[in-house]
Amino acid sequence: MSQKNQTLGEFIIENQASFKYSSGELSRLINSVRLAAKVVNHEVNKAGLVDIIGAAGETNIQGEDQQKLDVYANEKFIQTLTNRNIVCGIASEEEDDYVSINSQDENNQNKYVVLIDPLDGSSNIDVNVSVGTIFSVYRRITPVGTPVTIDDFLQKGSQQVAAGYVVYGTSTMLVYTTGDGVNGFTLNPAIGTFYLSHPNMQFPLDGRIYSVNEGNYIHFPQGIKNYIKYCQMEEGDRPYTSRYIGSLVSDFHRNMIKGGIYMYPKSSKNSNGKLRLLYECNPMAFLAEQANGKASDGFNRIMDIEPTELHQRVPFICGSKNMVEKAEEFMRNPEN
Ligand code: AHG
Ligand code: MN
Ligand code: MN
């Protein structure tokens with residue numbers, strides 16, 4: 001039961017009992033994400049003021065330039081989760097391999113692993129456009145007190161116990177699910193407290209926004225090209241409007257509130273698209289389904305995909321249920 005002016009801290013305590021594995025451990029984990037989000041938010045907010053913007057001079061495993069704030073956010077999230085001794089392992093977009101946290105210690109009873117995209121949309125930092133953080137939580141499948149293994153991280157999205165994002169936008173919000181709906185909390189920066197501002201978030205069943213990088217149009221599969229043309233056609237409530245920020249978190253957030261579809265299809269340049277299954281698509285898919293939306297690779301449910309590698313990419317279509325189903329229809333029948 002949400003109350004007026006409820007803080008995230010109060011909400012976590014109140015809802016702990018309704019979580020099926022309730023032991024307080026997941027609540028502590030969400031609390032740590034809350035703390036790390038505030039620290040990163042503070043840094044993101046002064047990005048234009050200090051010498052923190054721009055490339056850090058390193059590239060990550062995928063050959064992408066790491067921005068200084070990518071590195072900073074990665075450190076802060078890992079540090080917070082490690083210092084508070086909450087999880088037994090972390091995998092991050094910015095780390096080549098997963099990090100084990102005292103998992104071999106037999107006294108370590110921590111059951112959860114976390115996968116994160118510490119800073120999503122990082123190419124937008126230098127131009128003062130919203131960025132985000134995405135996180136995904138699983139129970140480890142190997143026994144506690146033994147070292148975590150890659151299998152603890154390569155779980156299907158349907159096994160997630162929690163997922164969420166932080167959007168560092170015109171206001172900073174933390175939006176998450178533990179499998180019982182989606183709730184959004186807005187940071188009051190004056191006092192550093194998140195308040196429940198968006199209880200029980202839901203994707204409208206239909207929407208009028210499509211979000212895709214149309215610069216890649218000629219490389220898209222025929223089904224996606226046809227669907228884009230369908231969005232642009234003058235008929236019924238169409239043409240739809242096009243909105244693309246280039247930060248998955250922000251594009252998703254807007255579409256969830258207003259109704260819309262986000263697409264990062266495969267292309268003749270990237271056979272699996274660009275987005276990463278484990279720390280971008282799965283958490284967003286969990287949130288989407290919990291908010292009455294849908295997430296697909298064009299043919300299959302995202303959360304049913306069996307992962308094979310930590311940094312695996314997958315085509316991603318996500319948003320209002322009827323829109324995603326329409327896009328899937330076009331994918332199945334590219335000749336029509
Ligand atoms: P990241 O900054 O974590 O690498 O993610 C960027 C992603 C995603 O946020 C966004 O939707 C997409 O890349 C944009 O890609 P394009 O510039 O190719 O459209
Ligand atoms: Mn990202
Ligand atoms: Mn990132």
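The values are calculated or read from the model by the stated rules, or taken from the named source; none is laboratory data. Here the structure is a predicted model, which means the values were calculated and not measured. Heads up, the Cβs are rebuilt from the backbone with ideal geometry, glycines too, and the neighbour counts pull from every protein chain shown.
A single entry from Thr186, Thr193, Thr170, Thr241 fulfils the requirement of being surrounded by fewer than 21 Cβ atoms within 10 Å (Cβ to Cβ), over 21 Å from Asn300 (Cα atoms) and modelled with pLDDT under 95: Thr170.
When restricted to residues that are of a type in the set (A, V, I, L, M) and over 18 Å from the mean Cα position of the chain (by Cα), segment 70-115 contains 4.
Per this entry, Val324 is not counted among residues that are under 20 Å from Ile61 (Cβ atoms), touching a residue at least 12 places away in the same chain (Cβ under 8 Å) and not small (Gly, Ala, Ser). Residues in segment 100-123 that are touching a residue at least 60 places away in the same chain (Cβ under 8 Å) and either assigned to a loop (DSSP other than H, G, I, E, B) or more than 11 Å from ligand 3 (Cβ to nearest atom) (or both): Asn110, Lys111, Tyr112, Val114, Leu115, Gly121. For Glu335, the test of being more than 12 Å from ligand 1 (Cβ to nearest atom), part of a loop (DSSP other than H, G, I, E, B) and not aromatic (Phe, Trp, Tyr) is passed. Out of all the residues in segment 192-229, which are touching a helix residue (DSSP H, G or I) at 6+ places or on another chain (Cβ under 6 Å) and in a helix (DSSP H, G or I)? Within segment 192-229, Gly223, Asn226, Tyr227 qualify. The set of residues in segment 62-81 that are at pLDDT 75 or above and either in contact with a His (Cβ under 9 Å, 6 or more places away or on another chain) or of a type outside the set (Val, Ile, Thr) (or both) comprises Lys68, Leu69, Asp70, Tyr72, Ala73, Asn74, Glu75, Lys76, Phe77, Gln79, Leu81. If you go through segment 221-267 and keep only what is within 12 Å of ligand 1 (Cβ to nearest atom) and more than 29 Å from Leu174 (Cα to Cα), you end up with just Ser267.
What do you reckon, is Ser130 within 16 Å of ligand 1 (Cβ to nearest atom), in contact with a Gly (Cβ under 6 Å, 6 or more places away or on another chain) and not aliphatic (A, V, I, L, M)? Judged against the criteria, Ser130 is a match.
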